[in-house]
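K.L.:
Here you go, one structure.
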């Protein structure tokens with residue numbers, strides 16, 4: 001019990017509250033069963049992809065890539081900036097935002113002293129792009145998976161609708177990162193020192209993990225069910241670790257906290273919707289399916305994300321938007337993904353990122369974090385929603 005952190009207690013409390021709602025009848029059993037049935041494949045995907053990402057990190061794939069990027073940058077901060085933003089964006093897109101926040105952040109923090117780079121620009125790159133680069137594919141964010149299910153879209157159809165807003169969101173994020181964290185006046189140095197080439201402890205583990213990630217990406221792009229693609233890739237990596245380094249396999253690899261949090265959330269939010277939250281969201285979003293209604297849906301999602309969290313914000317907004325209204329649903333998605341960068345609890349990825357920064361004693365100026373995040377959220381959402389309307 002002493003080892004449980006704040007997030008563990010929040011997750012357990014949320015699930016307990018949801019179960020109590022079902023027991024007391026505040027949430028009908030049929031509605032609860034429908035919610036659990038809906039998220040069952042998503043829970044399989046989350047478990048598999050987190051195990052895959054954790055073991056990929058243990059196989060040093062992320063460390064090698066990050067160090068190689070710094071070497072390729074040859075001491076130029078401009079080159080390193082482009083490479084790091086591209087790396088963080090790709091990890092977010094193909095392995096989801098929590099992977100970027102939880103696994104890429106410590107890699108960047110380890111890279112900083114080796115290359116004598118200020119850590120804040122690197123970690124701000126991971127936390128912002130973990131959220132704002134998570135629009136392109138369903139696997140990038142749990143909210144995307146929910147939206148894909150709601151809209152009855154496949155992976156390719158979803159990407160075809162969201163590629164332009166996703167590109168705009170990343171471009172706006174890069175502009176804010178450079179202006180407020182990466183430019184000469186903020187980072188403090190003209191050049192950095194390229195680190196030495198990394199040594200790989202076990203080349204078999206490294207190769208199999210890298211290939212498994214590549215096959216996972218290929219599978220989802222080919223249209224395979226995301227939970228199946230993630231599960232196969234995770235099983236392959238677990239098998240090779242069982243052969244080569246069994247001591248790395250532990251129950252802690254399974255994201256129990258995240259699974260409990262999501263399950264509890266899908267019991268609590270429908271209950272709150274029955275007792276007022278749905279009415280509030282309906283008033284804010286309004287009945288319009290495009291134009292001003294799209295901006296209201298995005299603003300409602302972003303605002304609620306920074307009050308409670310982006311996942312319940314999406315679920316609450318989704319309940320008041322008909323499935324046939326694709327534009328406001330996708331606008332809501334833009335709001336909860338790009339907008340959850342203002343408060344430390346805006347997304348679970350941001351909460352986990354703050355925990356890593358605290359462990360490594362990286363000082364994050366909270367006022368600057370929130371003010372620059374607010375500017376990014378407003379600018380990014382406005383640009384992405386406008387792009388969605390223009391390209392639909």
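Read the figures in this text as sums done on the coordinates, not as results from a lab. Just so we're clear, the structure is a prediction, and the values are computed from it rather than from any experiment. So basically every Cβ, Gly included, is an ideal-geometry build from the backbone, and we count neighbours across all protein chains shown.
K.L.:
Please work out whether segment 141-223 counts as rounded, prolate or oblate from its C-alpha gyration tensor, where a ≥ b ≥ c are the square roots of the eigenvalues and a/c under 1.5 means rounded, while otherwise a/b larger than b/c means prolate and anything else oblate? Don't skip to the end; give the middle numbers.
P.N.:
Numbers: a/c = 3.67, a/b = 1.22, b/c = 3.00.
Judged from the Cα gyration tensor, segment 141-223 comes out oblate (a/c at least 1.5, b/c at or above a/b).
K.L.:
Could you calculate the contour length gain from residue 179 to residue 374, that is, 0.36 nm times the residue separation minus the distance between their Cα atoms, to one decimal place in nm?
P.N.:
Length gained, residue 179 through residue 374: 68.8 nm.
K.L.:
Can you tell me the length gained on complete extension of the stretch residue 221 to residue 38, counting 0.36 nm per residue apart and subtracting the Cα distance?
P.N.:
Additional length available on full extension: 63.7 nm.
K.L.:
Also: At a Förster distance of 35 Å, what's the computed FRET efficiency of residue 202 paired with residue 363, Cβ-Cβ distance as r, to 0.05?
P.N.:
0.50
K.L.:
With springs only between Cα atoms under 10 Å apart, run a GNM on the chain and tell me which of 170, 238, 65 wobbles the most.
P.N.:
Fluctuation is largest for 65.
K.L.:
At residue 26 and residue 386, where each label point lies 7 Å from the Cα along Cα→Cβ, what is the point-to-point distance in nanometres?
P.N.:
4.3 nm
K.L.:
Among 279, 372, which comes first, then next, by fewest other beta-carbon atoms within 10 Å?
P.N.:
279, 372
K.L.:
Would you mind ranking 89, 140, 35 by Cβ crowding within 10 Å, fewest neighbours first?
P.N.:
Details: 89 25, 140 28, 35 22.
With the fewest neighbours first, 89, 140, 35 line up as 35, 89, 140.
K.L.:
How long is the gain from residue 245 to residue 8 if the chain were fully straight, where each residue apart is worth 0.36 nm and the alpha carbon distance is subtracted?
P.N.:
Stretched out fully, the residue 245 to residue 8 stretch lengthens by 82.5 nm.
K.L.:
Turning to a different aspect of this structure: Is segment 130-282 rounded, prolate or oblate when judged by the Cα gyration tensor, a ≥ b ≥ c being the square roots of its eigenvalues, rounded requiring a/c under 1.5 and prolate requiring a/b larger than b/c?
P.N.:
oblate
K.L.:
Can you give me the angle between helix 203-221 and the longest principal axis of the chain, using Cα atoms only, in degrees from 0 to 90, rounded to the nearest 10?
P.N.:
Approximately 30 degrees, to the nearest ten.
K.L.:
For every helix of n ≥ 4 consecutive DSSP H residues, a contribution of -39,500 (n - 2.57) applies; sum these over the chain, divide by its total residues, and give [θ] at 222 nm rounded to the nearest 500 deg cm²/dmol.
P.N.:
Roughly -23500 deg cm²/dmol at 222 nm, from the helical runs in the chain.
K.L.:
Would you mind getting me the FRET efficiency between residue 307 and residue 228? Use the beta-carbon distance for r and R0 = 41 Å, nearest 0.05.
P.N.:
In this case the efficiency is close to 0.70.
K.L.:
Just rank 361, 278, 34, 58, fewest to most, by other beta-carbon atoms within 10 angstrom. If you can, show how the numbers build up before the last one.
P.N.:
Values: 361 8, 278 17, 34 12, 58 22.
Sorted ascending by nearby Cβ count, the order is 361, 34, 278, 58.
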